[in-house]
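One structure is given here, and the rest of the page talks about it.
The values are calculated or read from the model by the stated rules, or taken from the named source; none is laboratory data. Model, not experiment: these values are computed from the prediction. A quick note on method: Cβ atoms are made from the backbone with ideal geometry, for glycine too, and the neighbour counts reach across all protein chains shown. Note: accessible area is taken over every heavy atom of the protein model, side chains too, but ligands, DNA and RNA are not part of it. Shrake-Rupley method; radii C 1.70, N 1.55, O 1.52, S 1.80 Å.
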Amino acid sequence: MNKHIGILTAGGDSPGLNAAIRGIGKSAIRSQEMDIIGFRDGFRGLMENRIMRLDLQVLSSILTLGGTILGTSRDKPHKMPVGNETVDMTDVICDNYYRNNLDALICLGGGGTQKNAYRLALRGLNILTLPKTIDNDVANTDVTFGFHTAMEIATEAIDRLHSTAHSHHRIIVVEVMGHNAGWLALGAGIASGADVILIPEIPYDPIEVAKAIRKRQQRGNNFSIVVVAEGALSQVDHNTYVELKEKRRQSKEKKDKELKKDLDVKLEKFKSHQSKNTVRLSQELEEMTGLESRLTILGHLQRGGTPSAADRILATRLGSSCVQYIKEGVSGAMIAVKGQGTEAIPLEKVVGQRSVVPLDHSWLMSARRVGTCLGD
Ligand code: F6P
């Protein structure tokens, strides 16, 4: 009898999701051992049992499509918004897994999805995951799909901002996505020859940034491109953030729920992608250098549209090898990229960790060597 495999996509969408769905679906169907169904809108669709048949007809021609044909959501099984409440729907999700006679469920997502999938694995479901996010911050994989495309899009956008910055003798501050990890800002910044790159891993001093811009002015370059990851913080803000986190830890220890709630809100505001920090930085740089400054927020543009060739290949590799791992009986693991191959990494080695840019990473060293200011 054929194995029944379910797929869902959760968290923020990412170029390459459809290529991965196709990779899983075609390999599964061609194996003649597996039937495949999709659940719409992430864990919510599994909870509501909203199914999409994934036959060869549906799977053909989705390779180049952006987004996800299954739809996605950020809803978590154990904290599902239902009406005005947040309810633990894990039992309903488990029931639906068995109701559909699933032998395995493949969850495609970033760090949050890996955690949610792990919770289901702990409940006894056969779970496999693939690492997807434009942020490239999933632990224990060389890379995630979606990252390469987003880096290409951001690079092209910054290339275009260069000529207008140059013509108007302006500073252009460009905010790219990346809350906790600076891979996207760093990669796109290096590729586009940004003059300043600010990432969450290196708290910045606005005075140092202004100095770097002034040095360029002295050399006759009356324009500068400043690439900022949305999670980058000034040194002052970073210190406040660390203090708040410590207070939150203490409130948790003391079981002071009210204080913890209050601190959660404050911390969320700090790292939220409201771009407030970037707006302030742009104004500060204008004041400190005397150059006009303009701000561009690339936002969701970086997540939309067709995946790059590299992401199509990566997603196909991961999707098709995931089916092989299911055949071998692997479960409770993320299929990670390791060099030219793939590896099944136990989910407990993935969750609760994040891949951030190491301070001695070769990309950072190269940026410093060519004179890019990193704000420190
Ligand atoms: O999926 C990752 C990401 O694109 C982050 O880079 C960004 O901070 C966040 O999602 C934006 O989330 P949303 O699309 O829910 O606004």
Here's a check for you: in the stretch 338-362, which residue that is of a type in the set (S, T, N, Q) and outside any strand (DSSP E or B) is farthest from Ala191 (Cα to Cα)? Gln353
Taking into account only those residues within the stretch 363-376 that are in a helix (DSSP H, G or I) and open to solvent by 20 Å² or more (accessible area, probe 1.4 Å), which is nearest to Asp195 (Cα to Cα)? Arg368
Inspect the stretch 163-172 for any residue being among the small types (Gly, Ala, Ser), over 15 Å from Gly299 (Cβ atoms) and open to solvent by less than 10 Å² (accessible area, probe 1.4 Å) and give the result as yes or no. yes
Restricting to the stretch 109-132, and then to whatever is open to solvent by 20 Å² or more (accessible area, probe 1.4 Å) and in contact with a Gly (Cβ under 7 Å, 6 or more places away or on another chain), can you tell me which residue is nearest to the ligand (Cβ to nearest atom)? Gly112
Given (1) touching an Asp or Glu at 6+ places or on another chain (Cβ under 6 Å); (2) farther than 19 Å from Gly299 by Cβ, identify the lone condition not met by Thr149. (2)
Given Val82, Val92, which one is open to solvent by 50 Å² or more (accessible area, probe 1.4 Å), aliphatic (A, V, I, L, M) and without any contact (Cβ under 8 Å) to a residue 24 or more places away in the chain? Val82
Does the stretch 88-108 include one or more residues that are touching a strand residue (DSSP E or B) at 6+ places or on another chain (Cβ under 9 Å) and within 16 Å of the ligand (Cβ to nearest atom)? yes
So is Thr278 outside any helix (DSSP H, G or I), buried (at least 18 other Cβ atoms within 10 Å of the Cβ) and of a type in the set (Ser, Thr, Tyr) or not? no
Test result for Ser355, hydroxyl-bearing (Ser, Thr, Tyr), within 16 Å of the ligand (Cβ to nearest atom) and either closer than 23 Å to Gly178 by Cβ or not assigned by TED's automatic domain parsing to the domain that holds Gly12 (or both): yes
Only one of Ile172, Ile190 that is part of a strand (DSSP E or B) and either away from the ligand (no atom under 16 Å from the Cβ) or not assigned by TED's automatic domain parsing to the domain that holds Ser293 (or both): Ile172
Within the stretch 237-275, restricting attention to residues that are aliphatic (A, V, I, L, M) and away from the ligand (no atom under 16 Å from the Cβ), which residue is nearest to Ala181 (Cα to Cα)? Val242
Residue within the stretch 45-63 that is within 14 Å of the ligand (Cβ to nearest atom) and at pLDDT 95 or above present: no
